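A short write-up of the structure that comes next.
The values are calculated or read from the model by the stated rules, or taken from the named source; none is laboratory data. These numbers were taken from a predicted model, which means no experiment stands behind them. Cβ: placed from backbone, ideal geometry, glycine included. Neighbour counts: every protein chain shown. With ligands, DNA and RNA removed, areas are computed over all heavy atoms of the protein, side chains included. Shrake-Rupley method; radii C 1.70, N 1.55, O 1.52, S 1.80 Å.
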Amino acid sequence: MNAVPTKSPIVTVLMPVYNGAYYIINSMDSILNQSFRDFELLIIDDGSTDRTINQIQSYNDSRIRLILNNKNIGQSKTLNKGLSLARGEYIAIMDQDDISIFDRLKKQLKFMEENSEIDVCGSWVQLIGDYDEILELETESEKIKINLSTNRNIAHPAVMMRKSTLLKYNFNYDPNLTIANDYDMWVKMFEYCSFANLPEPLIKYRVHQNQFSTKNLNKNISETNKVLKRLL
(Lines give C-alpha, C1' and ligand atoms only; values in the text may rest on other atoms or scores of the structure.)
Protein backbone atom coordinates (compact mmCIF):
# COMPACT_ATOMS: atom_id res chain seq x y z
CA MET A 1 0.00 0.00 0.00
CA ASN A 2 2.93 2.35 0.67
CA ALA A 3 4.74 1.73 -2.61
CA VAL A 4 5.10 4.92 -4.65
CA PRO A 5 4.03 4.52 -8.31
CA THR A 6 6.50 5.73 -10.94
CA LYS A 7 3.96 8.00 -12.66
CA SER A 8 3.06 11.12 -10.71
CA PRO A 9 -0.68 11.72 -10.24
CA ILE A 10 -2.32 14.99 -11.20
CA VAL A 11 -3.77 15.48 -7.71
CA THR A 12 -2.48 14.74 -4.23
CA VAL A 13 -5.20 14.49 -1.60
CA LEU A 14 -3.45 15.37 1.66
CA MET A 15 -5.06 13.99 4.81
CA PRO A 16 -3.32 14.56 8.17
CA VAL A 17 -4.75 12.23 10.81
CA TYR A 18 -4.57 11.84 14.57
CA ASN A 19 -6.80 9.46 16.53
CA GLY A 20 -9.42 9.56 13.81
CA ALA A 21 -10.70 6.00 14.05
CA TYR A 22 -14.32 6.99 14.60
CA TYR A 23 -14.82 8.76 11.24
CA ILE A 24 -11.82 7.99 9.03
CA ILE A 25 -13.38 5.09 7.12
CA ASN A 26 -16.17 7.33 5.78
CA SER A 27 -13.66 10.05 4.92
CA MET A 28 -11.33 7.69 3.07
CA ASP A 29 -14.20 6.06 1.20
CA SER A 30 -15.43 9.47 0.00
CA ILE A 31 -12.02 10.07 -1.60
CA LEU A 32 -11.29 6.60 -2.94
CA ASN A 33 -14.74 6.50 -4.60
CA GLN A 34 -14.33 9.85 -6.39
CA SER A 35 -15.40 10.06 -10.05
CA PHE A 36 -11.91 11.42 -10.84
CA ARG A 37 -9.33 8.68 -10.36
CA ASP A 38 -5.84 10.05 -11.08
CA PHE A 39 -4.80 10.98 -7.55
CA GLU A 40 -2.78 9.80 -4.60
CA LEU A 41 -4.26 9.81 -1.11
CA LEU A 42 -1.34 10.92 1.05
CA ILE A 43 -2.21 10.14 4.68
CA ILE A 44 0.20 11.25 7.39
CA ASP A 45 -0.51 9.82 10.80
CA ASP A 46 0.70 12.06 13.62
CA GLY A 47 1.21 9.46 16.33
CA SER A 48 -2.29 8.04 16.71
CA THR A 49 -2.89 5.84 19.75
CA ASP A 50 -6.26 4.40 18.69
CA ARG A 51 -7.13 2.08 15.78
CA THR A 52 -6.59 4.70 13.08
CA ILE A 53 -3.50 3.07 11.54
CA ASN A 54 -5.09 -0.40 11.52
CA GLN A 55 -8.11 0.96 9.71
CA ILE A 56 -5.99 2.69 7.08
CA GLN A 57 -3.88 -0.44 6.55
CA SER A 58 -7.01 -2.53 6.00
CA TYR A 59 -7.35 -0.94 2.54
CA ASN A 60 -5.72 -2.47 -0.52
CA ASP A 61 -5.54 0.50 -2.86
CA SER A 62 -2.32 1.54 -4.61
CA ARG A 63 -3.36 5.20 -4.50
CA ILE A 64 -2.92 5.29 -0.71
CA ARG A 65 0.42 6.49 0.68
CA LEU A 66 0.61 6.14 4.44
CA ILE A 67 3.37 8.02 6.24
CA LEU A 68 3.87 7.56 9.99
CA ASN A 69 5.36 10.31 12.14
CA ASN A 70 7.73 8.90 14.74
CA LYS A 71 6.05 11.08 17.34
CA ASN A 72 3.25 13.62 17.54
CA ILE A 73 4.54 16.82 15.93
CA GLY A 74 1.29 18.75 15.52
CA GLN A 75 -0.96 19.50 12.58
CA SER A 76 1.05 22.38 11.07
CA LYS A 77 4.29 20.41 10.85
CA THR A 78 2.37 17.39 9.59
CA LEU A 79 0.72 19.47 6.86
CA ASN A 80 4.09 20.94 5.87
CA LYS A 81 5.52 17.44 5.65
CA GLY A 82 2.64 16.55 3.35
CA LEU A 83 3.23 19.59 1.12
CA SER A 84 6.85 18.53 0.65
CA LEU A 85 5.95 14.90 -0.08
CA ALA A 86 3.01 15.62 -2.41
CA ARG A 87 3.65 14.45 -5.98
CA GLY A 88 0.59 15.99 -7.65
CA GLU A 89 0.36 19.26 -9.58
CA TYR A 90 -2.57 20.11 -7.33
CA ILE A 91 -2.97 19.50 -3.60
CA ALA A 92 -6.46 18.93 -2.21
CA ILE A 93 -6.89 19.07 1.56
CA MET A 94 -9.06 16.50 3.31
CA ASP A 95 -9.89 16.24 7.03
CA GLN A 96 -10.18 12.89 8.79
CA ASP A 97 -13.80 13.44 9.84
CA ASP A 98 -15.30 15.08 6.73
CA ILE A 99 -16.84 13.69 3.55
CA SER A 100 -16.03 14.77 -0.01
CA ILE A 101 -18.87 14.80 -2.53
CA PHE A 102 -18.53 12.26 -5.39
CA ASP A 103 -17.47 14.85 -8.03
CA ARG A 104 -15.41 17.13 -5.79
CA LEU A 105 -11.98 16.47 -7.34
CA LYS A 106 -13.35 16.38 -10.88
CA LYS A 107 -15.11 19.74 -10.55
CA GLN A 108 -12.26 21.52 -8.77
CA LEU A 109 -9.63 20.21 -11.18
CA LYS A 110 -11.70 21.25 -14.21
CA PHE A 111 -12.10 24.75 -12.75
CA MET A 112 -8.39 25.08 -11.99
CA GLU A 113 -7.38 23.86 -15.43
CA GLU A 114 -9.73 26.35 -17.07
CA ASN A 115 -8.74 29.28 -14.81
CA SER A 116 -4.95 29.42 -14.66
CA GLU A 117 -4.99 32.66 -12.64
CA ILE A 118 -6.61 30.95 -9.63
CA ASP A 119 -4.21 29.58 -7.02
CA VAL A 120 -6.69 28.25 -4.45
CA CYS A 121 -10.12 26.80 -5.20
CA GLY A 122 -12.56 26.01 -2.40
CA SER A 123 -16.31 25.51 -2.38
CA TRP A 124 -19.45 26.02 -0.39
CA VAL A 125 -19.78 23.72 2.62
CA GLN A 126 -22.52 21.41 3.87
CA LEU A 127 -22.43 21.29 7.67
CA ILE A 128 -23.32 17.92 9.21
CA GLY A 129 -23.26 16.49 12.73
CA ASP A 130 -24.28 19.10 15.31
CA TYR A 131 -25.50 21.45 12.54
CA ASP A 132 -27.36 21.05 9.25
CA GLU A 133 -26.94 23.99 6.91
CA ILE A 134 -25.02 25.13 3.85
CA LEU A 135 -22.34 27.81 4.15
CA GLU A 136 -22.58 29.89 0.98
CA LEU A 137 -19.15 31.51 0.84
CA GLU A 138 -18.10 34.30 -1.53
CA THR A 139 -16.99 32.99 -4.92
CA GLU A 140 -14.88 35.86 -6.34
CA SER A 141 -11.28 36.46 -5.29
CA GLU A 142 -11.58 40.11 -4.22
CA LYS A 143 -14.72 39.46 -2.17
CA ILE A 144 -13.06 36.46 -0.56
CA LYS A 145 -10.10 38.66 0.38
CA ILE A 146 -12.40 41.28 1.87
CA ASN A 147 -13.97 38.55 3.99
CA LEU A 148 -10.58 37.52 5.34
CA SER A 149 -11.17 40.08 8.06
CA THR A 150 -14.07 37.96 9.35
CA ASN A 151 -12.28 34.62 8.81
CA ARG A 152 -15.32 33.54 6.77
CA ASN A 153 -13.72 33.05 3.41
CA ILE A 154 -12.14 29.73 2.52
CA ALA A 155 -12.97 26.36 4.11
CA HIS A 156 -9.61 24.64 4.51
CA PRO A 157 -10.80 21.02 4.07
CA ALA A 158 -12.52 22.02 0.81
CA VAL A 159 -9.54 23.57 -0.97
CA MET A 160 -7.45 22.53 -3.95
CA MET A 161 -4.18 24.45 -4.35
CA ARG A 162 -1.53 24.66 -7.06
CA LYS A 163 1.70 23.12 -5.80
CA SER A 164 3.65 25.42 -8.14
CA THR A 165 2.27 28.44 -6.26
CA LEU A 166 3.29 26.99 -2.90
CA LEU A 167 6.81 26.37 -4.19
CA LYS A 168 7.13 29.74 -5.92
CA TYR A 169 6.44 31.72 -2.75
CA ASN A 170 7.62 29.10 -0.25
CA PHE A 171 4.22 29.04 1.43
CA ASN A 172 3.77 26.71 4.39
CA TYR A 173 1.81 26.41 7.62
CA ASP A 174 3.09 28.25 10.68
CA PRO A 175 4.30 25.56 13.14
CA ASN A 176 3.63 27.96 16.02
CA LEU A 177 -0.11 27.86 15.29
CA THR A 178 -2.20 24.82 16.12
CA ILE A 179 -5.71 25.92 15.11
CA ALA A 180 -5.58 29.10 13.00
CA ASN A 181 -2.86 27.71 10.71
CA ASP A 182 -5.16 27.71 7.68
CA TYR A 183 -6.32 31.28 8.31
CA ASP A 184 -2.66 32.28 8.58
CA MET A 185 -1.97 30.61 5.21
CA TRP A 186 -4.68 32.64 3.44
CA VAL A 187 -3.34 35.86 4.97
CA LYS A 188 0.14 35.00 3.71
CA MET A 189 -1.32 34.45 0.24
CA PHE A 190 -3.37 37.67 0.29
CA GLU A 191 -0.92 39.81 -1.68
CA TYR A 192 0.25 37.20 -4.17
CA CYS A 193 -2.62 34.84 -4.95
CA SER A 194 -6.14 34.63 -6.33
CA PHE A 195 -8.92 32.62 -4.70
CA ALA A 196 -12.23 31.12 -5.77
CA ASN A 197 -15.06 29.13 -4.23
CA LEU A 198 -17.27 26.95 -6.41
CA PRO A 199 -20.92 27.85 -5.67
CA GLU A 200 -21.97 24.40 -4.50
CA PRO A 201 -21.13 22.30 -1.42
CA LEU A 202 -18.36 19.86 -2.37
CA ILE A 203 -17.64 18.70 1.16
CA LYS A 204 -19.71 17.70 4.15
CA TYR A 205 -18.00 19.33 7.13
CA ARG A 206 -18.64 17.50 10.38
CA VAL A 207 -19.27 19.70 13.43
CA HIS A 208 -18.93 17.89 16.76
CA GLN A 209 -17.84 18.53 20.34
CA ASN A 210 -14.62 16.49 20.01
CA GLN A 211 -13.16 18.78 17.35
CA PHE A 212 -9.80 20.21 18.38
CA SER A 213 -10.94 23.78 17.62
CA THR A 214 -14.10 23.30 19.69
CA LYS A 215 -12.31 21.76 22.67
CA ASN A 216 -9.71 24.54 22.59
CA LEU A 217 -12.00 27.51 21.92
CA ASN A 218 -9.93 30.09 23.81
CA LYS A 219 -6.77 29.11 21.96
CA ASN A 220 -8.69 29.26 18.69
CA ILE A 221 -9.84 32.82 19.43
CA SER A 222 -6.36 33.89 20.55
CA GLU A 223 -4.62 32.54 17.45
CA THR A 224 -7.28 33.94 15.11
CA ASN A 225 -6.94 37.40 16.64
CA LYS A 226 -3.16 37.22 16.28
CA VAL A 227 -3.46 36.47 12.56
CA LEU A 228 -6.16 39.12 12.09
CA LYS A 229 -3.96 41.76 13.71
CA ARG A 230 -1.23 41.02 11.19
CA LEU A 231 -3.72 41.22 8.30
CA LEU A 232 -5.03 44.60 9.45
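Rounded, prolate or oblate: pick one for the range 75-161, where a ≥ b ≥ c are the square roots of the eigenvalues of its C-alpha gyration tensor, a/c under 1.5 means rounded, and failing that, prolate if a/b is larger than b/c, else oblate. Rounded, since a/c falls under 1.5. Counting only Cβ charges, +1 for Lys and Arg and -1 for Asp and Glu, the dipole size of the chain around its Cα centre is about 680 debye.
For the chain, adding -39500 (n - 2.57) for each run of n ≥ 4 DSSP H residues and dividing by the number of residues yields -9500 deg cm²/dmol at 222 nm. When the Cα gyration tensor is reduced to axis lengths a ≥ b ≥ c, the ratio a/c is 1.5 or higher for the range 1-134, and with a/b not above b/c it is classed as oblate. A simple count of charges around PHE36, restricted to other residues whose Cβ falls under 14 Å of its Cβ and scoring Lys, Arg +1 and Asp, Glu -1, yields +1.
Using R0 = 22 Å, the C-beta based FRET efficiency linking ASN26 and HIS156 works out to 0.75.
Take the Cβ atoms of LYS71 and PHE102, set R0 to 35 Å, and the FRET efficiency comes out at 0.45. In the set (i) 30, 21, 17; (ii) 35, 28, 16; (iii) 25, 21, 18, the label that goes with semi-axes √(5λ) of the Cα gyration tensor in Å computed for this structure is (iii). Note on ASP130 and SER116: the extension gain reaches 1.3 nm, defined as 0.36 nm multiplied by sequence separation minus the Cα-Cα distance. Applying 1/(1 + (r/R0)^6) with R0 = 30 Å to the Cβ-Cβ distance of LYS226 and GLU200 gives a FRET efficiency near 0.35. Of the solvent-accessible surface of the chain, computed with a 1.4 Å probe and all protein chains present, 49% belongs to carbon and sulfur.
Zone of LYS163 (label point 7 Å along Cα→Cβ, backbone N under 18 Å): which residues in the range 21-37? Residues 37 qualify, since their backbone N sits under 18 Å from the label point.
For GLU200, the amide hydrogen comes within under 5 Å of the amide hydrogens of TRP124, counting only partners 5 or more places away or on other chains and with H modelled in the peptide plane. Projecting the Cα atoms of ILE221, MET94, SER164 onto the charge dipole of the chain (Cβ charges, centred on the Cα centre) puts SER164 farthest toward the positive pole.
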